[in-house]
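Novice: Submitted below is the structure of interest, expressed as structure tokens.
The values are calculated or read from the model by the stated rules, or taken from the named source; none is laboratory data. As the structure is a prediction and not an experimental result, all values here were calculated from the model. Here Cβ is always computed from backbone atoms with ideal geometry, including for glycine, and neighbour counts include all displayed protein chains. With ligands, DNA and RNA removed, areas are computed over all heavy atoms of the protein, side chains included. Shrake-Rupley method; radii C 1.70, N 1.55, O 1.52, S 1.80 Å.
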Amino acid sequence: MRCKQLVIMLKEPRPGRVKTRLGRDIGATAAAWWFRHQCAGLLRRLEDPRWHLSLAVSPDREGRASRVWPTHLPRMTQGTGDLGDRMGRVFRTAPPGPLLIIGADIPGITPQHIDRAFHALGQSDAVLGPAPDGGYWLIGLKRSRPVPPGLFENVRWSTPYAMEDTQRSLAPSRVALTDMLEDIDTVADLDRLRSQS
């Protein structure tokens with residue numbers, strides 16, 4: 001059986017480079033600190049023998065050499081382009097088998113969420129994890145057939161239409177939806193997270 005793969009998209013946690021909207025609310029240094037610690041916790045939680053965990057890092061050279069991320073986790077570079085270009089590159093170049101891609105700024109992700117998403121790929125060609133803002137926190141492809149050539153074409157990133165546009169770009173694939181989770185973009189999101197803890 002082909003190995004299940006989980007890829008986490010990570011940016012080097014430098015002030016002004018990550019979580020810029022949150023940085024406008026709480027300061028660039030505090031936002032970078034939050035992102036770095038959020039990522040560290042996420043990586044610890046999601047190392048699991050049921051799948052192979054690797055990192056897609058950015059910027060390429062700095063991310064490959066970074067000492068911020070655990071050295072035992074394999075790294076690939078994201079390369080250039082918008083989010084769709086970078087995720088498409090991961091899907092097209094990773095070893096064969098079912099593959100999930102997630103972002104690193106979703107505090108609620110647990111191994112159970114990842115397991116459910118892989119399970120959804122058993123009956124579908126693709127899986128999406130919706131976010132309340134119209135985007136998504138997870139995308140996965142079974143990759144039992146070639147990656148759809150139009151994947152991520154005309155997706156309006158960072159808008160309420162990102163998931164809808166991505167679903168359209170996956171046609172005619174069968175797409176399953178999994179758990180809805182929220183990412184952290186603003187101080188209001190952070191406050192809501194703290195109030196739920």
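Novice: Of all chymotrypsin sites (Phe, Trp or Tyr not before Pro) in the stretch 126-160, which ones are in loop regions per DSSP and have a Cβ with at most 16 other Cβ atoms within 10 Å?
Specialist: Answer by residue number: TRP157.
Novice: Which residue, ASP105, ASP115, ASP165, has the most motion in a Gaussian network model of the chain that connects Cα atoms within less than 10 Å?
Specialist: Comparing ASP105, ASP115, ASP165 in a Gaussian network model of the chain, the most mobile one is ASP115.
Novice: Which lysines, if any, have their Cα less than 20 Å from the Cα of LYS142, not counting same-chain residues under 8 positions apart?
Specialist: Reachable lysines: LYS4.
Novice: Over the chain, with the other protein chains present, what is the accessible area per residue in square angstrom, probe 1.4 angstrom?
Specialist: Values: 9930 Å² over 197 residues.
Counting only protein heavy atoms, the per-residue value for the chain is 50 Å².
Novice: Under a point-charge model restricted to the Cβ atoms of Lys and Arg (+1) and Asp and Glu (-1), what is the dipole moment magnitude of the chain relative to its Cα centre, in debye to the nearest 20? Don't jump to the answer; show the numbers that get you there.
Specialist: On the way: 28 positive and 21 negative charges, 139 e Å.
Dipole of the chain, to the nearest 20 debye: 660 debye.
Novice: Just the accessible area for HIS72, please: 1.4 Å probe, Å², rounded to the nearest 10?
Specialist: Probe radius 1.4 Å; accessible area of HIS72 about 120 Å².
Novice: Relative to the present Cα-Cα distance, how much length would full extension add between ARG174 and ARG92 at 0.36 nm per residue of separation?
Specialist: Full extension from ARG174 to ARG92 adds 27.7 nm.
Novice: Put +1 on the Cβ of each Lys and Arg and -1 on the Cβ of each Asp and Glu in the chain; which of SER58, PRO70, ALA171 then has its Cα farthest toward the positive end of the dipole?
Specialist: Going by the Cα projections, it comes out as PRO70.
Novice: Let me check against my output: what whole-number percent is the relative contact order of the stretch 123-170, with C-alpha pairs under 8 Å and at least 6 apart?
Specialist: Relative CO of the stretch 123-170 lands at 36 percent.
Novice: Still on this structure, I have one more. Report the Cα-based extents of the chain along its three principal axes, largest first, to the nearest Å.
Specialist: Result, largest extent first: 44, 35, 32 Å.
Novice: Shifting gears a bit: Take the Cβ-Cβ distance between THR80 and CYS3 as r, set R0 to 25 Å, and report the resulting FRET efficiency rounded to the nearest 0.05.
Specialist: 0.35
Novice: With a 1.4 Å probe and all protein chains left in place, how much of the accessible area of the chain comes from carbon and sulfur atoms, in whole percent?
Specialist: Numbers: 5180 of 9930 Å².
Using a 1.4 Å probe with all protein chains present, the chain comes out at 52 percent carbon and sulfur.
Novice: Once both labels are modelled 7 Å past Cα along the beta-carbon direction, what's the ASP133-ARG36 spacing in nm?
Specialist: Here the modelled spin labels are 2.3 nm apart.
Novice: Once you have the Cα-Cα distance between GLU164 and GLU47, take 0.36 nm times their residue separation minus that, and quote the gain in nm to one decimal.
Specialist: Fully extending the segment from GLU164 to GLU47 adds 39.1 nm.
Novice: Follow-up question, since we're still on this one. If the only charges are +1 at each Lys and Arg Cβ and -1 at each Asp and Glu Cβ, what is the size of the charge dipole of the stretch 65-113 around the Cα centre, to the nearest 20 debye? The partial results should precede the final answer.
Specialist: Details: 5 positive and 3 negative charges, 40 e Å.
Value, rounded to 20: 200 debye.
Novice: What full-extension length gain, to one decimal in nm, is calculated for ARG116 and GLN196 as 0.36 nm per residue of separation minus the Cα-Cα distance?
Specialist: Result for the pair: 26.5 nm of gain on full extension.
Novice: Would you work out which of PRO107, TRP33, PHE91 lies farthest towards the positive end of the dipole of the chain? Charges go on Cβ: Lys and Arg +1, Asp and Glu -1.
Specialist: Checking the options against the dipole of the chain, the answer is PHE91.
Novice: Here's a follow-up. Starting from the Cα of VAL68, move 7 Å in the Cα-to-Cβ direction to define the label point; list residues of the stretch 96-125 whose amide nitrogen is under 11 Å from there.
Specialist: none
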